[in-house]
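The values are calculated or read from the model by the stated rules, or taken from the named source; none is laboratory data. Bear in mind the structure is a predicted one, so any value in this text is a computation, not a measurement. Here Cβ is always computed from backbone atoms with ideal geometry, including for glycine, and neighbour counts include all displayed protein chains. Each accessible area value is taken on the protein alone, full model and side chains, heavy atoms only, with ligands, DNA and RNA left out. Shrake-Rupley method; radii C 1.70, N 1.55, O 1.52, S 1.80 Å.
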Amino acid sequence: MSDPKNGYLIEHKIGHHEYAIQLATPEYMACQEQSDKPFNESIFRARVAELKNVVYFLIRMKTLSAASDEVMRPRTLSEADAAVAYYAQEAMQDIKLKAGEKTFSPVAYEYENNYGLSPYNTILVAFNTGSSSEDLLLTFDDRYRQAPAINSSFKQSLLSSAPGVQLK
């Protein structure tokens, strides 16, 4: 699901900012949760059932320098603090999901600040869409970087053909 060629990861470049928006199914999230411990099938199945009507998105963000693909880090502590304050406290309000005519607000949100140790920071956002079978449109109006209407569209045909986990 993390390969852009498969359609579950959409990359956007807006000015000197890059956003990679990845759709994550309940099975993907349950696998990720167990990735650092021995696999337990009953825990996996229970977690997938629990997350059944939830769709997740990972939003990875990085800023590039104007001259190259070099990743820019915040220049000052106050700049870093302002970014963390926005992404940890306010950005959740700027992310919406449309499924057909319905608009959903996040039911879960987590901002992962990598403190400059990796080239990007990540937002994990979840929406309870119920049993919706509509195309999805994720919109992120990033007010901190003045990048309005970052739209990522996922067709229902893609969603219904999402890879599943096969347990033997």
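The residue that is farthest from the chain's Cα centre (by Cα), counting only those in region 117-143 that are open to solvent by less than 70 Å² (accessible area, probe 1.4 Å), under 22 Å from S65 (Cα atoms) and hydroxyl-bearing (S, T, Y), is S118. I'd like to check something: does region 82-97 contain any residue that is open to solvent by 60 Å² or more (accessible area, probe 1.4 Å), modelled with pLDDT of 85 or more, assigned to a strand (DSSP E or B) and not acidic (D, E)? Yes, region 82-97 contains at least one residue that is open to solvent by 60 Å² or more (accessible area, probe 1.4 Å), modelled with pLDDT of 85 or more, assigned to a strand (DSSP E or B) and not acidic (D, E). Assess whether Y87 counts as being in contact with a His (Cβ under 9 Å, 6 or more places away or on another chain) and either among the charged types (D, E, K, R) or more than 19 Å from S160 (Cα to Cα) (or both). Criteria not met by Y87.
Within region 57-79, take every residue that is part of a helix (DSSP H, G or I) and modelled with pLDDT of 80 or more and give me the one that is least open to solvent (accessible area, probe 1.4 Å). Show your work before the answer.
Narrowing region 57-79 to residues part of a helix (DSSP H, G or I): 77-79.
Restricting the remaining residues to those that are modelled with pLDDT of 80 or more gives 78-79.
Details: S78: 84, E79: 58 Å².
Here the residue is E79.
With respect to the conditions (1) farther than 20 Å from I150 by Cα; (2) modelled with pLDDT of 80 or more; (3) open to solvent by 40 Å² or more (accessible area, probe 1.4 Å), G15 falls short on a single one, namely (1).
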